[in-house]
Amino acid sequence: MHTEINEILGTEYPIIQGGMAWVAEYHLAAAVSEAGGFGLIGAANAPADWVREQIRKTKELTDRPFGVNVMLMSPYADEVSRVIAEEGVKAVTTGAGNPEKYMELWKARNIKVIPVVASVALAKRMQRCGADAVVAEGCESGGHIGESTTMTLVPQVVDAVDIPVIAAGGIGDGRGIASALMLGAKGVQMGTRFVVTKECQVHPAYKERIIRAKDIDTKVTGRSTGHPIRALRNDMTKVYLQKEQEGASVEELELLASGALRRAVQEGDIHNGSLMSGQIAGLIKEEVSCKQLIDMLIRQTKEALNRSRMYE
Ligand SMILES: Cc1cc2nc3c(=O)[nH]c(=O)nc-3n(C[C@H](O)[C@H](O)[C@H](O)COP(=O)(O)O)c2cc1C
């Protein structure tokens, strides 16, 4: 499994672990990179010092390349971007905005820039401003989502840009990876599947909810605010959706969601916390190590690609 993405990221496999807020810290990122994938630290809204410490701790655990996901709406985005340039990582993925103003800073340090996009228009804009690749993320994903599905978005982005495209959203095993490659993607990014790994530090109750989830167990909250989020259904999503239906103000809804992901990840509050998760949760049946997972993904992908030869 060798594509341009292996070249860009310096990895054995074109498999990226999504930079997940509160979830993707150094233990997970290092384990994924050690296993031949590309681990990401999720900087989310964290201060720059936290990001610096996470980068240093990851480097203590692995000599292999890894990166940071920068949330461009974070109040610390400027400082975090500088810290990343100072500390040096292989690549940055960006969400929630346009990374153009940091491009020069990162490129000068030979850091690859890979924005996450949910539309063809944004993918083209990212290519114009110098992105090395894009992650095309469909709305099956956990966390913040766009409108299009992975199946429809990926081939349209592939046709629209010349840089390599990484597919994300709804990929949980080798069949998903093989399908993404068939759609023209050169790699995949997976989030939900990596939450249920031994090295992922989220509360066991969160992992257990993903393992027990069925295909229809996620809900999308926040459509009324323009910031939709996919998570497993629980009391939190029920109250939120009810309030949205009643026409609650953005402030009231924000208050309800404030700190909810942290409560789920750190305290294991599976009732009132936000259990961000993609629709692929229903496919995840057990917790495995990152090495076991990546080995399994590669084997399954090869099997799926071999099976596709039946139609020749
Ligand atoms: C708990 C959780 C938190 C996430 N946080 C972020 C984030 O901070 N920044 C980001 O770009 N993507 C975030 N994502 C999206 C993932 O990086 C990844 O693109 C997505 O999970 C892929 O879809 P999948 O969950 O179907 O594999 C998050 C996803 C989950 C499940």
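The values are calculated or read from the model by the stated rules, or taken from the named source; none is laboratory data. Note that the coordinates shown come from a computational prediction; the quantities given were computed from them, not determined experimentally. Cβ placement follows ideal geometry from the backbone for every residue including glycine, while neighbour counts extend to all protein chains displayed. Heavy atoms of the whole protein, side chains included, go into the accessibility calculation; ligands, DNA and RNA do not. Shrake-Rupley method; radii C 1.70, N 1.55, O 1.52, S 1.80 Å.
Cβ-Cβ contacts under 9 Å between residues 6 or more apart (or on different chains), taken from a first residue in the range 12-41 that is at positive phi to a second residue that is small (Gly, Ala, Ser), are listed as TRP22/GLY42; TRP22/ALA44; TRP22/ALA46; TRP22/ALA264.
Looking at the range 210-223 only, could you name the residues that are open to solvent by 80 Å² or more (accessible area, probe 1.4 Å) and either of a type in the set (Gly, Ala, Ser) or within 14 Å of the ligand (Cβ to nearest atom) (or both)?
We begin by selecting, within the range 210-223, every residue open to solvent by 80 Å² or more (accessible area, probe 1.4 Å); these are 212, 214-216, 223.
ASP215 - this is the single residue of the range 210-223 that is open to solvent by 80 Å² or more (accessible area, probe 1.4 Å) and either of a type in the set (Gly, Ala, Ser) or within 14 Å of the ligand (Cβ to nearest atom) (or both).
Here the condition is being within 15 Å of the chain's Cα centre (by Cα) and open to solvent by 10 Å² or more (accessible area, probe 1.4 Å); of GLY130, GLY184, GLY191, it holds for GLY191 alone. Within the range 72-113, the set of residues being open to solvent by 30 Å² or more (accessible area, probe 1.4 Å), modelled with pLDDT of 95 or more and either under 15 Å from the mean Cα position of the chain (by Cα) or acidic (Asp, Glu) (or both) comprises ASP78, GLU79, GLU86, GLU87. Of all the residues in the range 264-280, those that are surrounded by 24 or more Cβ atoms within 10 Å (Cβ to Cβ) and among the charged types (D, E, K, R) number 0. For the range 227-253, the set of residues classified as farther than 18 Å from SER277 by Cα and among the charged types (D, E, K, R) consists of LYS243, GLU244, GLU246, GLU251, GLU252, listed by residue number.
List the helices (runs of 4 or more DSSP H) that sit entirely inside the range 216-312 and contain at least 2 residues that are under 21 Å from GLN201 (Cα atoms) and within 20 Å of the chain's Cα centre (by Cα).
So the answer is 260-267, 290-308.
Within the range 227-245, residues that are touching a residue at least 60 places away in the same chain (Cβ under 8 Å) sit with their Cβ atoms under 6 Å from residues that are open to solvent by 40 Å² or more (accessible area, probe 1.4 Å), at 6+ positions apart or across chains, in these pairs: ILE229/HIS144; ALA231/MET276.
Restricting the search to helices (runs of 4 or more DSSP H) fully inside the range 1-109 and requiring at least 3 residues that are more than 28 Å from ASP162 (Cα to Cα) and more than 14 Å from the ligand (Cβ to nearest atom) gives 26-34, 48-61, 77-87.
Residue count for the range 137-195 satisfying the condition of being near the ligand (Cβ under 9 Å from one of its atoms), assigned to a helix (DSSP H, G or I) and of a type outside the set (Ser, Thr, Tyr): 4.
Does the range 227-241 contain at least one residue that is of a type in the set (A, V, I, L, M, F, W, C) and away from the ligand (no atom under 15 Å from the Cβ)? Yes, the range 227-241 contains at least one residue that is of a type in the set (A, V, I, L, M, F, W, C) and away from the ligand (no atom under 15 Å from the Cβ).
Residues of the range 133-160 that are open to solvent by 10 Å² or more (accessible area, probe 1.4 Å) and touching a helix residue (DSSP H, G or I) at 6+ places or on another chain (Cβ under 6 Å): GLU140, GLY142, GLN156, ALA160.
Of all residues being assigned to a loop (DSSP other than H, G, I, E, B) and out of contact with any Lys or Arg (no Cβ under 7 Å at 6 or more places or on another chain) in the range 196-209, which is most open to solvent (accessible area, probe 1.4 Å)? Just the residue, please. Spell out the reasoning first.
Initial filter on the range 196-209 (assigned to a loop (DSSP other than H, G, I, E, B)): 196, 198-203.
Cutting the leftovers down to out of contact with any Lys or Arg (no Cβ under 7 Å at 6 or more places or on another chain) gives us 198-203.
On the way: LYS198: 119, GLU199: 50, CYS200: 4, GLN201: 98, VAL202: 7, HIS203: 62 Å².
Among them, the one singled out is LYS198.
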